[in-house]
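The values are calculated or read from the model by the stated rules, or taken from the named source; none is laboratory data. The model shown is predicted, which means the values in this text are computed figures rather than measured ones. Glycine also receives a Cβ, built like all others from the backbone with ideal geometry; neighbour counts cover every protein chain displayed.
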Amino acid sequence: MKITQIEAIPFKIPYATPLKWGRGGYLDAAEHVLVRVYTDGGIVGVAEATPRPTIYGESQVSILNAIQNWFAPMIVGLEPSHTEKIWAKFETIHWNPTAKGALDLAMHDAVAKACGLPLWEMLGGSSDRLPVSWMLGMRPIAEMIQEAADMRAKGFKAFKVKVGSDPEKDVQVIKSLREHLGPDALIYADANMAYSASTAIRTIKSMEEYGLAFVEEPIPTWEWRGRLKVARALSIPIMGDESVFTPQDVAREIELGAIGIISIKTPRTGYTLSQKIIHLAETAGIPCLMGSQAETGVGTLASAHFGAAHRNVSYPSEISFFLCLKDDLLAEPIVLKNGILELPKRPGNGAILDEEKIKKYRVD
């Protein structure tokens with residue numbers, strides 16, 4: 001089976017509620033790229049690329065250019081299962097992580113379909129379902145509490161809370177969430193590198209009083225001495241996200257000793273690099289979860305298969321943001337019950353695309 005064609009389609013689907021984070025992060029729509037890898041056997045692999053100019057320096061336009069003019073000519077004619085050979089070619093072009101990641105995910109989807117296996121089985125086979133968390137963006141406290149209560153009533157037991165703009169408010173949010181959700185809810189915070197080291201220590205230690213489970217990237221990743229100081233001052237783990245973009249980053253952070261959990265995001269590392277990351281984490285005794293890039297249902301299924309396949313993904317994953325979309329490209333909705341995402345039994349990632357919706361939301 002050889003790759004014959006690559007298709008990249010830019011699309012835009014609004015979110016029902018915009019997401020705010022850090023010192024200025026804001027998203028009001030999924031302005032992403034649908035990627036399809038065609039093969040000579042008639043099998044088509046699908047995936048989603050998620051532009052984040054403020055994080056990875058990629059846009060819809062740059063992803064389209066990278067795929068169409070750089071990466072597609074490199075891999076047309078190759079076997080989609082030959083990922084090491086393909087990544088050797090990818091690495092001749094610097095960065096462009098989500099363009100490469102989407103192609104990798106789509107190629108794995110095609111291979112799994114050819115093998116007649118769901119991706120979770122082909123990737124490791126630990127489970128066919130995955131516990132997920134709910135993410136609370138920055139809003140007035142009363143609105144955040146009401147949103148959390150509504151999602152708890154729908155079965156969610158884990159909550160990620162965006163913090164970083166106002167330390168006093170951040171502590172109050174965690175305190176109020178604990179009071180309203182009770183002692184059994186898993187609550188953790190994500191500061192998106194917005195605190196200084198001293199503010200992080202003071203603020204997070206106050207949050208610890210209310211059963212905060214862990215905190216994600218409290219200070220800038222480049223401030224490695226400060227990050228180590230924060231880690232040593234806290235009684236809870238720090239989760240790496242912006243500090244662990246690549247397997248090389250993960251190796252460095254393990255050596256530094258500042259992180260205790262790793263967020264894996266398949267949109268930026270595909271399955272090939274994600275497998276290297278999770279194996280590094282497991283040998284270091286560091287658990288993982290699947291992080292969100294605010295994907296649609298297509299990207300959500302890709303991430304869920306990887307998380308379900310690996311036993312070291314032991315915390316609830318953050319891949320429920322597709323519920324915030326006003327619509328989706330999927331013809332069949334994702335099954336999510338009581339905070340558990342149930343994977344399709346079909347070969348590959350199980351995504352069935354609605355071609356009419358693709359026509360409706362494409363923006364080229």
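What to note about this one:
- Selection within the stretch 149-173 - in a helix (DSSP H, G or I) and without any contact (Cβ under 8 Å) to a residue 12 or more places away in the chain: Asp150, Ala153, Glu168
- Qualifying residue in the stretch 296-304 (condition: over 16 Å from Thr266 (Cβ atoms) and in contact with an Asp or Glu (Cβ under 8 Å, 6 or more places away or on another chain)): no
- Search result, residues across the stretch 232-250 that are assigned to a helix (DSSP H, G or I) and charged (D, E, K, R): Arg232, Asp249
- Any hit, the stretch 271-288, residues being of a type in the set (Gly, Ala, Ser), outside the structural domain of Ala110 (by TED's automatic domain parsing), buried (at least 23 other Cβ atoms within 10 Å of the Cβ) and within 12 Å of the chain's Cα centre (by Cα): yes
- Residue match in the stretch 273-282 (condition: out of contact with any Asp or Glu (no Cβ under 7 Å at 6 or more places or on another chain), among the small types (Gly, Ala, Ser) and either in contact (Cβ under 8 Å) with a residue 40 or more places away in the chain or part of a strand (DSSP E or B) (or both)): no
- Listed by first and then second residue, the pairs linking a residue in the stretch 127-148 that is free of Cβ contacts under 8 Å to residues at least 60 places away in the same chain to a residue that is in a strand (DSSP E or B), with Cβ atoms under 7 Å apart and 6 or more places separating them unless they lie on different chains, are Leu136/Phe159; Leu136/Lys160; Leu136/Val161; Leu136/Lys162; Met144/Leu136; Glu147/Leu136; Ala148/Leu136; Ala148/Phe159.
Matching residues to (1) in contact with a Leu (Cβ under 6 Å, 6 or more places away or on another chain); (2) assigned by TED's automatic domain parsing to the domain that holds Val250; (3) closer than 25 Å to Ala281 by Cα; (4) in a loop (DSSP other than H, G, I, E, B):
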| site | (1), (2), (3), (4) |
| --- | --- |
| Lys175 | no, yes, no, no |
| Thr199 | no, yes, no, no |
| Lys205 | no, yes, no, no |
| Leu212 | no, yes, yes, yes |
| Pro220 | no, yes, yes, yes |
| Arg227 | no, yes, yes, no |
| Val230 | no, yes, yes, no |
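- Verdict on Ala158 being more than 30 Å from Met1 (Cβ to Cβ), among the small types (Gly, Ala, Ser) and within 19 Å of the chain's Cα centre (by Cα): yes
- So Met207, is it aliphatic (A, V, I, L, M), out of contact with any strand residue (DSSP E or B) (no Cβ under 8 Å at 6 or more places or on another chain) and either more than 22 Å from Thr98 (Cα to Cα) or in contact (Cβ under 8 Å) with a residue 60 or more places away in the chain (or both): no
- Applying the criterion of being under 25 Å from the mean Cα position of the chain (by Cα) and over 24 Å from Ser314 (Cα atoms) to the residues of the stretch 167-192, the residue that is surrounded by the fewest Cβ atoms within 10 Å (Cβ to Cβ) is Asp170.
- Count of the stretch 308-336 residues which are without any contact (Cβ under 8 Å) to a residue 40 or more places away in the chain and part of a loop (DSSP other than H, G, I, E, B): 6
- So Asp354, is it among the acidic types (Asp, Glu) and surrounded by 14 or more Cβ atoms within 10 Å (Cβ to Cβ): yes
- Matching residues, the stretch 76-112, being under 14 Å from Glu7 (Cβ atoms) and surrounded by fewer than 23 Cβ atoms within 10 Å (Cβ to Cβ): Val76
- Residue check for Gly124: touching a residue at least 60 places away in the same chain (Cβ under 8 Å), surrounded by fewer than 23 Cβ atoms within 10 Å (Cβ to Cβ) and under 23 Å from the mean Cα position of the chain (by Cα): yes
- Only strands (runs of 3 or more DSSP E) whose full extent lies in the stretch 1-82 are considered here, and none of them has at least 3 residues that are within 16 Å of Ala106 (Cβ to Cβ) and modelled with pLDDT under 95.
- Any hit, the stretch 108-128, residues being among the basic types (Lys, Arg) and in a strand (DSSP E or B): no
- Residue within the stretch 337-348 that is touching a strand residue (DSSP E or B) at 6+ places or on another chain (Cβ under 8 Å) and without any contact (Cβ under 8 Å) to a residue 24 or more places away in the chain present: no
- Glu295 being at pLDDT 95 or above, among the acidic types (Asp, Glu) and farther than 18 Å from Ala30 by Cα: no
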